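Read-outs: derived from the displayed coordinates by stated rules, not from any lab. Being a predicted model, the structure only gives us computed values, none of them experimental. Cβ coordinates were reconstructed from backbone atoms using ideal geometry, including for glycine residues, and neighbour counts include every protein chain displayed.
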Amino acid sequence: MAVDPLAWLSSATGVPYWALRAVAAPLLYPGLATFMAVALFIIWAERKITARVQMRVGPLYVSRRLGGALQLLADGVRIAFQEIIIPEGAEKWSFVLSPILAFTVVSLAFTVVPGGPGVYGFRSSLSLLVTYAIITLTPILVITMGWASNNKFSFIGAGREALVSITGEATLLASLLAAAMMYGSMDFVAIVGEQAASRVPGIAANPVAALLFFIAALLVTDRVPFDLVLGEQEIVQGPYTEYTGLLFALTMALDYAKLYVLMLVFTHLFLGGWAPFASPLLGSAAVFAKTVGLMLLAVFLRSVYGRMRLDQVASMFWSRLFPLALVAFVISALIHPIYTP
Amino acid sequence: MASIALPGMHGREVGYSGGLRVVELNIGAQHPASGHMRLVVYLDGDVIVRVDPDIGYVHRTVEKLSETREYVRIISLVERMTIIDACNVTLPYVEAVERLLGVEPPPRARYLRTILCEVNRVASHLYGLGIGGIFLNHSTMYMWAFGDREVFVHLASLLTGSRLTHTYPVFGGVRRDLPQGFRDEFEKAKRYMLARLREYDKIFFNNPVIRGRLEGVGVLPRDRAVALGATGPNLRASGVRYDARMTGYAAYGDLGFEPVVGREGDALERVWVRLREIEASLEIVERALRELPEGPFMNPRYTKAVPPMVRHWLEKGRLKLPGGYVRLKTRPGEVLSRGEMGRGEITYFLVSDGGTKPYRLRIVTPSARNVVLFDALARGHTLMDLPAIYGSIDYFPPEADR
């Protein structure tokens, strides 16, 4: 029986167990501390993988023995000491607050998404829907950033964010609901339990929903080939053009945090969560490994594709992928009995 | 900007211009994808209604400086316009001066010039493909093209001793003879490049995302291309069978040259023409190496004057130019000469008053002619198509600004 450090802390200090859990999940695992480590690794891996494909070396000189793994840390230090410039014509409060608020909102998702068996902040019968709601709150703040910057590139980027989020989230929600319908539950713990009980992971039962979820997640998190909101060659850095210093770091971390949350959700919905383990430690390790693997797949696409055009993305999602989501619903309805006997 | 007050927020109108509801967007001169220039783009919604290319940011007064320099010194001046295509940019100038001097390069020199020109053309096309790739955010094409370009830069450095600014063709011949081992190195390079071209097709040219970005974008019909004076691969992609190499300068007349001609005239076709021209150039170099005539690589009129002390270099295939070479006097007159660079046709108009320096040297570079395409091709497309069009016409600001 593994020792639960939270239970020990609770008995030592007298703070209720549920309160400790609600703080530890978003701050430690699967929350911010883990996210920092994941971001450090994923951005390094992204640069190393692309470099490998492109006949380059990639980051190397910062921590040579680790293959440049600490490059992002060095960049972070540089960014932390950079002056935060607020443009003269910008709306100061919304300019400064929206990236902070956006990142905070995304971090809230870590309270409901479990990181392993029994490792979560809250358990709710609607946790899947809550996660989706939190993820879809951020575009509003990104649009605020674009508006507040008082820059035409930012403004166009904000417009793109509006279009992209509506386009992507419709498909994302449809694939989520198809999965929820298949398991007959919106609780992550119950969903993982169903998969463990039937020994069929969701991706095998409903591959269409899994595929749609993955593609829509790429769009929502601005990954190549759907990095329309960033659109460096047209609109410099989209809504984030005017940001500097730590605020810029937050805007960058925002997309990676969303990707991390969505890939955690993908792990629970379609890859069986902490299966094949049941203990908190090994189960958490399984969830972590699956999530990082999915994120590696998402960042690898950068070295294969370019950027799709806005109208092509919109027409692909609305006229091809969204109708496909209806197929996912049909599959869910047919496959439903294997999960709830 | 005009502003309107909204509760809690500060509303702005994004702009009216000339009674039209357009947004004026300055892409450049500080922009990740503008190059050394500024594109003033007028947008109605997401649709481009006009593009004003604002050029001249890298103007270096090449034409005026030429009037103050001796003929041989101008060679290394004009190649600064396009250092990535140095042989192609200097060759027509060298031929123009040769005509005024009344010197003929020996056949071996003509072949060697052709070889370096084609090696340069491959390097130039790879540069253009790489830039075209990153314009579509395809970083792999960017890195691959620039990496593989090193192969051809290496070939050029074998032949001439320098990577980019070779100053290889000089009046009456070339600076160096073909080095030992060049043929083997070229064989390797050709085999490697042909294999790589197939991989380019896979990852870039036949990539569905890239196809979607390029197909049907920036269509330049045949008659429009002629009317606008487009040149180079952009002209040939529209189905016009024209290439300055068909005039048969250097050794092109002997080698039986056939230009690559496209049909559709869209951005995809322009990229296709460049890819196939790389293959054609490799063919030309191979044929030139096979048929390379024996003999001197420099006109005896100048090698005669090489001082005895440095004469042994000549036997080793390297030219040490005689001192009087810098004070060459041409006969008075006017010469027009042209050649095909990687990006299109370059024209020199040289006026001499019989002195050691030109009276006037007028240069029309291919990019200076292609700059009209920005406005002509981008109208009616969305903002996202502008980088695709920019990348597909392979525009190079330093070359256009001279």
Of A:L294, A:L264, A:L310, the one that fluctuates the most in a GNM where chain A has Cα springs shorter than 10 Å: A:L310
Given 5 Å bins starting at zero, what is the percent of C-alpha pairs of the range B:124-194 in each, up to the one with the largest pair distance? 3, 16, 20, 19, 17, 12, 7, 4, 1, 0
Cβ-based exposure ranking for B:T68, A:T111, B:T356, B:T82, in which fewest neighbours within 10 Å come first: B:T68, B:T356, A:T111, B:T82
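Would you please give the FRET efficiency between B:R290 and A:R65, computed as 1/(1 + (r/R0)^6) with r the Cβ-Cβ distance and R0 = 51 Å, to the nearest 0.05?
Calculated transfer efficiency: 0.50.
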Cβ crowding within 10 Å averaged over residues, with B:149-159, B:266-276, B:384-394 ranked highest first: B:384-394, B:266-276, B:149-159
For the range B:24-70 and the range B:337-360, what is the separation of their Cα centres, given in Å? 25 Å
What does the charge count around B:D46 come to, taking other residues whose C-beta lies under 11 Å from its C-beta (Lys +1, Arg +1, Asp -1, Glu -1)? -2
Given backbone amide H placed at 1.01 Å from N, residues whose amide H is under 5 Å from that of B:D54, ignoring those fewer than 5 places away on the same chain, are B:R38, B:L39, B:V40
Compute the distance from the alpha-carbon center of the range B:182-196 to that of the range B:227-245, in whole Å. 28 Å
Report the semi-axes of the equivalent ellipsoid for the range B:63-401 in whole Å, largest first, where each axis is √(5λ) for an eigenvalue λ of the Cα gyration tensor. 35, 23, 16
Taking each residue in A:152-158, count the Cβ atoms of any other chain within 10 Å of its Cβ, then average. What number comes out? 3
What ranking do B:K320, B:K357 get, fewest neighbouring Cβ atoms within 10 angstrom at the top? B:K320, B:K357
Treating every alpha carbon of the protein assembly as shown as one equal point scatterer without solvent, the Debye formula yields log10 I(q)/I(0) values at q = 0.07, 0.08, 0.10 Å⁻¹ of -0.62, -0.76, -1.03
Helix-only mean residue ellipticity at 222 nm, the protein assembly as shown, DSSP H runs n ≥ 4 weighted -39,500 (n - 2.57), per residue, nearest 500. What is it? -17000 deg cm²/dmol
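Would you mind giving the three semi-axes, in whole Å and largest first, of the ellipsoid equivalent to the range B:67-143 according to its Cα gyration tensor? Numbers along the way, then the final one.
On the way: eigenvalues 202, 49, 9 Å².
Each semi-axis is the square root of five times an eigenvalue, giving 32, 16, 7 Å.
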Tell me, Kirkwood radius of chain A from alpha-carbon pair distances, in Å? 20.9 Å
Karplus ³J(HN,Hα) for the range A:107-114 (6.51 cos²θ - 1.76 cosθ + 1.60, θ = phi - 60°; Hz, whole; x = Gly/Pro) runs 5, 4, 4, 5, 6, 9, 7, x
Just counting partner chain Cβ atoms within 10 Å, what average do the residues of peptide B:202-215 show around their Cβ? 3
List every residue whose amide H lies under 5 Å from the amide H of B:M341, counting only residues 5 or more places away in sequence or on a different chain, with H placed 1.01 Å from N in the peptide plane. B:I346
So which chymotrypsin sites (Phe, Trp or Tyr not before Pro) in the range A:35-126 pass both tests, a DSSP loop state and at most 12 other Cβ atoms within 10 Å of the Cβ? A:Y61, A:F81
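For A:A74 and A:I335, what does the FRET efficiency come to when R0 = 56 Å and r is the distance between their Cβ atoms, rounded to the nearest 0.05?
0.70
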Name the most mobile residue of B:P53, B:P105, B:P307, meaning the one with the largest mean-square fluctuation, in a Gaussian network model of chain B with Cα contacts below 10 Å. B:P307
Could you run the Karplus curve 6.51 cos²θ - 1.76 cosθ + 1.60 with θ = phi - 60° over the range B:302-317 and give me ³J(HN,Hα) per residue in whole Hz, x for Gly and Pro? 9, 5, 4, 7, 5, x, x, 4, 9, 5, 5, 5, 5, 5, 8, x
Mind checking the mean number of beta-carbon atoms from other chains within 10 Å of the Cβ atoms in A:235-245? 1
Provide the per-residue ³J(HN,Hα) series for the range B:342-357, in order, calculated from phi with Karplus coefficients 6.51, -1.76, 1.60 and θ = phi - 60°, each as a whole number of Hz, with x at glycine and proline positions. x, 9, x, 7, 10, 10, 10, 10, 10, 10, 10, 9, x, x, 8, 10
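At most 16 other Cβ atoms within 10 Å and a DSSP loop assignment: could you name the trypsin sites (Lys or Arg not before Pro) in the range B:33-74 that fit?
B:R60
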Lysine pairs within the range A:18-339, Cα separation less than 30 Å, 8 or more sequence positions apart or different chains: 6
Pull up all non-local amide H partners of B:L25: gap of 5 or more, or a different chain, and H-to-H distance under 5 Å with H placed in the peptide plane. B:V41, B:Y42, B:L43
Please work out the C-alpha center-to-center distance from the range A:268-337 to the range A:136-180 and express it in whole Å. 19 Å
